[in-house]
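**Student:** Submitted below is the structure of interest, expressed as structure tokens.
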Amino acid sequence: MSSIPLDYETLRLIWWVLLGVLLIGFAVMGGRDMGVGTLLPFAAKSDEERRILLNLIGPTWEGNQVWLVLGGGAIFAAFPPLYAVSFSGFYLAMLVILLALILRPVGFKFRGKIDNPTWRAVWDWCLFIGGFVPALIMGVAVGNVLLGAPFHFDDTMRIFYTGNFFQLLMPFALLCGLVSVGMISAQGAAVIAGRTQGAMAERARMFGLYAAVGTLVLFALGGFWVAFMSGHVVTSVIDPAAPINPLAKSVELVQGGWMLNYSKYPWMVTAPILAFVGLVVAVLGFIGRKHLITLLATSAAIFGIISTAGVSLFPFLLPSSTVPGSGLTLWDASSSHLTLFIMLVATVIFLPIIVAYTAWVFRVMRGPVTADNLTKNPNAY
């Protein structure tokens, strides 16, 4: 009898949920930084206003990247076949994301080194790229997961990826990318509107209103699109406690297949409802200048949008568009029973510490950022 107190099926489900929590955590926390970076050239019109925005996210952006590191680590350790397929097949897209993210710390450090308008304008656009490009490509990646990635396994479980970077840029995937940019921009606008003052806060509120409305429309359009596209359905018997073997199942493509979970598991419909409600409340919050409610609403919308993709795909993690039977599910792409349990113990210990530390940092950094802060703080960007 196994000495592990949780069975294999339960641990696999827990790690599926934890992976979603970590990715949503990055989208909510890192989305603040990417959203502010995306709006930097538009919401801030003067050098002083742009410095205010840099000092709004500068002290906390590094800590927010912890969620991205944890998410990547969870994929690597909990679902190694998913890591192997996605990081090798999407490596060019991930390289573009990393290069764009690298521009952010460099921009923070170098922008203020020379008091020259051209120099600072260049770094402002670099910071824009550091926010806009990762948000766009991450959304495109989610769209490609719903479409299925072009990979398969041979009889020896070797992975063959047959796509390229430009094949990722399909219309539905680009739509998902725009949804991602919209929700991140709304998140950034909510942060700016809530923690700055004057004309810049008003401009951010206007951009946030447009972003929330645009995201609402695009998310609804994406839902209709998904309802009529082919989804993957496992047709063989699933053994949740079986060893890893992606080729041990049979899969069929069914029109509207990604919507079947909502009739099979009715509770899953709370995910898209949360997304729609969050976006509607965000729109009302931007109009009514209810900054805290707006920020909570945009965060809830991010939670709902990402959760909608996750529950629609369940139990798939990464479907295959070329050989559907090679698609990866949480039942056939996870680590061993013991590995998942040891990782869960470590997560139970360290995740609360990260959450508590993050909460403490944001409590210390609360309050508006103004021009006075720039003159009083010798370490201001």
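All of the numbers you see were taken from the coordinates with simple rules; none came from a lab. Just so it is clear, the structure is predicted and the values come from calculations on it, not from any experiment. Neighbour counts are summed over all protein chains in view; Cβ atoms, including those assigned to glycine, are modelled from backbone coordinates with ideal geometry.
**Student:** Select from L292, S3, V369 the residue farthest towards the positive end of the dipole of the chain; place +1 on Cβ of Lys and Arg, -1 on Cβ of Asp and Glu, and compute about the Cα centre.
**Tutor:** Selected residue: V369.
**Student:** What is the magnitude of the charge dipole of the chain about its Cα centre, with +1 placed on the Cβ of each Lys and Arg, -1 on the Cβ of each Asp and Glu, and no other charges, expressed in debye to the nearest 20?
**Tutor:** Charge dipole of the chain: 1160 debye, to the nearest 20.
**Student:** Provide the gained length on full extension for the span S336 to L169, in nm with one decimal, where the gain is 0.36 nm per separating residue minus the Cα-Cα distance.
**Tutor:** 56.6 nm
**Student:** Still on this model: Once R0 is set to 45 Å, what does the formula 1/(1 + (r/R0)^6) return for the Cβ-Cβ distance between I287 and L6, expressed as a FRET efficiency to the nearest 0.05?
**Tutor:** With R0 = 45 Å, the Cβ-Cβ based efficiency is 0.45.
**Student:** Taking the Cα centre as origin and putting +1 on Lys and Arg beta-carbons and -1 on Asp and Glu beta-carbons, what dipole magnitude results for the stretch 159-303, to the nearest 20 debye?
**Tutor:** Here the stretch 159-303 has a charge dipole of around 480 debye.
**Student:** Using the Cα gyration tensor of the stretch 91-160, with a ≥ b ≥ c the square roots of its eigenvalues, what is the shape: rounded (a/c below 1.5), prolate (a/b larger than b/c) or oblate (neither)?
**Tutor:** prolate
**Student:** Within the set of other residues whose C-beta is less than 10 Å from the C-beta of Y381, count the net charge using Lys and Arg as +1 and Asp and Glu as -1.
**Tutor:** +4
**Student:** Residue farthest toward the positive end of the dipole of the stretch 183-314, with Cβ of Lys/Arg at +1 and Asp/Glu at -1: which of S263, P240, I302?
**Tutor:** The one lying farthest along the dipole's positive direction is I302.
**Student:** Follow-up question, since we're still on this one. Report ³J(HN,Hα) in whole Hz for each residue of the stretch 106-112, in order, from the Karplus equation J = 6.51 cos²θ - 1.76 cosθ + 1.60 where θ = phi - 60°; Gly and Pro get x.
**Tutor:** With the stated coefficients, the stretch 106-112 comes to 5, x, 4, 6, 9, 4, x Hz.
**Student:** Okay, moving on. So which lysines pass the test for K109, namely a Cα distance under 20 Å, with those fewer than 8 places away in the same chain ruled out?
**Tutor:** Of all the lysines, those that pass the test against K109 - Cα under 20 Å, at least 8 places apart if same chain - are K376.
**Student:** Whole-Hz ³J(HN,Hα) for each residue in the stretch 330-339, computed from phi via Karplus 6.51 cos²θ - 1.76 cosθ + 1.60 with θ = phi - 60°, x for glycine and proline: what do you get?
**Tutor:** So the Karplus estimates, Gly and Pro as x, are 5, 7, 10, 9, 9, 6, 5, 4, 5, 4 Hz.
**Student:** Which value in nm describes the separation of the simple spin-label points at V355 and S263, placed 7 Å from the Cα toward the beta carbon?
**Tutor:** 3.6 nm
**Student:** Quick check: from the Cα gyration tensor, does the stretch 103-142 come out rounded (a/c under 1.5), prolate or oblate?
**Tutor:** prolate
**Student:** Taking 8 Å as the Cα distance limit and 6 or more residues as the minimum spacing, I'd like the relative contact order of the chain as a percentage.
**Tutor:** Answer for the chain is 23 percent.
**Student:** Within the stretch 245-259, find all residues whose amide N lies under 16 Å from a label point positioned 7 Å from the Cα of F160 along Cα-to-beta-carbon.
**Tutor:** Within reach of a label on F160, which here means backbone N under 16 Å from a point 7 Å along Cα→Cβ, the stretch 245-259 contributes 247.
**Student:** Sticking with this one: Tell me the mean residue ellipticity at 222 nm calculated for the chain from its helices only (DSSP H runs of n ≥ 4, each -39500 (n - 2.57), averaged over every residue, nearest 500).
**Tutor:** The helix contribution divided over the chain gives -24000 deg cm²/dmol.
**Student:** Using a basic spin-label model with each label point 7 Å from the Cα along Cα→Cβ, how many nm lie between A241 and Q197?
**Tutor:** With each label point 7 Å from Cα toward Cβ, the separation is 6.4 nm.
**Student:** Testing the spin-label approximation: label points 7 Å from Cα along Cα→Cβ at R366 and T118. State their distance in nm.
**Tutor:** For R366 paired with T118, the spin-label model returns 4.6 nm.
**Student:** Ordered by residue, what ³J(HN,Hα) values in Hz, to whole numbers, does the stretch 199-209 give under the Karplus form 6.51 cos²θ - 1.76 cosθ + 1.60, where θ = phi - 60° and Gly and Pro are x?
**Tutor:** Calculated HN-Hα couplings, in order: 5, 5, 4, 5, 5, 4, 4, 5, 5, x, 4 Hz.
**Student:** With only Lys, Arg, Asp and Glu charged, each at its Cβ (+1 for the first two, -1 for the last two), find how big the charge dipole of the stretch 45-195 is about the Cα centre; round to the nearest 20 debye.
**Tutor:** 380 debye
**Student:** Got a sec? Charge dipole of the stretch 1-83, +1 on Cβ for Lys and Arg, -1 for Asp and Glu; which of L68, G35, W15 is way out at the positive end?
**Tutor:** G35
**Student:** Round to a whole angstrom and tell me the spacing of the C-alpha centers of the stretch 116-163 and the stretch 28-77.
**Tutor:** That distance is 17 Å.
**Student:** If you don't mind, there's one more thing I want to ask. List the residues, sorted by chain then number, that are 5 or more residues from S230 or on another chain and whose placed amide H is less than 5 Å from its amide H.
**Tutor:** G256
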